[in-house]
Amino acid sequence: MVWARIKLTIYDNLFEPHKEIFINYSGPYPEKLYNKLQELMPAIFNIPPSHIQEIAFTWETPSDDEIKFNIWWRVIKQMDVYSHIRVDIKLKGYSKNGRGPATISIDPALVTEYPQDTLLQQSIFYEMARRFWHTIFYHKKRMEYIQMGRRIVKKLEEEIKKYLEELRAHG
């Protein structure tokens with residue numbers, strides 16, 4: 001991630017047209033998905049837990065046998081100094097007497113940021129050189145990052161589905 005006050009940001013969805021992945025589940029112990037996702041994210045993305053930010057967290061227990069939850073994580077996998085894969089993962093569900101529905105949404109993107117703080121970086125000559133470099137050399141690298149991001153997200157989706165089958169089998 002580029003640390004700059006002003007930056008040019010290029011945002012590419014990993015799946016075109018824009019595709020947010022939804023996984024719906026109804027069965028035993030949907031609340032266990034919270035811990036499983038906490039375990040899967042660092043392992044699959046191969047990042048330290050500090051690169052996972054819990055943006056929003058709501059966990060309500062209206063009664064002893066009832067749980068409502070809504071959690072949103074942002075995962076950042078740094079690819080190089082300019083680009084990172086950003087995946088927003090949301091878990092929303094409800095459990096009563098150990099059974100209920102849950103929905104997981106996965107919204108992945110490749111984000112490329114160029115600093116534009118200095119007068120040189122804001123000049124037309126720098127922008128022409130940056131555009132040339134981006135088009136001729138860096139575009140291929142970004143396409144490799146998009147392919148890698150797709151593979152990682154598909155792996156996460158497969159692991160979540162495998163775990164949901166285990167929950168159904170043991171519930």
Can you run down the residue pairs with Cβ atoms below 9 Å, 6 or more apart or on separate chains, where the first is in the stretch 131-142 and among the hydroxyl-bearing types (S, T, Y) and the partner is at pLDDT 85 or above and open to solvent by less than 80 Å² (accessible area, probe 1.4 Å)?
Y138/Y82; Y138/S83; Y138/T112
Of the conditions (1) over 13 Å from the mean Cα position of the chain (by Cα); (2) modelled with pLDDT of 95 or more; (3) within 16 Å of A109 (Cβ to Cβ), Y82 clears all except one; give me its number.
(2)
Count of residues meeting criterion [open to solvent by less than 70 Å² (accessible area, probe 1.4 Å) and either of a type in the set (A, V, I, L, M) or not in a helix (DSSP H, G or I) (or both)] in the stretch 133-171:
9
Checking K77, K19, K32 in turn, the sole residue that is of a type in the set (D, E, K, R), under 16 Å from K154 (Cα atoms) and touching a residue at least 40 places away in the same chain (Cβ under 8 Å) turns out to be K77
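The values are calculated or read from the model by the stated rules, or taken from the named source; none is laboratory data. For clarity, every value in this text was computed on a predicted model and none was experimentally measured. Ideal geometry is used to build each Cβ from the backbone, glycine not excepted, and the neighbour counts take in all protein chains shown. Accessible surface areas use protein heavy atoms only, side chains included; no ligands, DNA or RNA. Shrake-Rupley method; radii C 1.70, N 1.55, O 1.52, S 1.80 Å.
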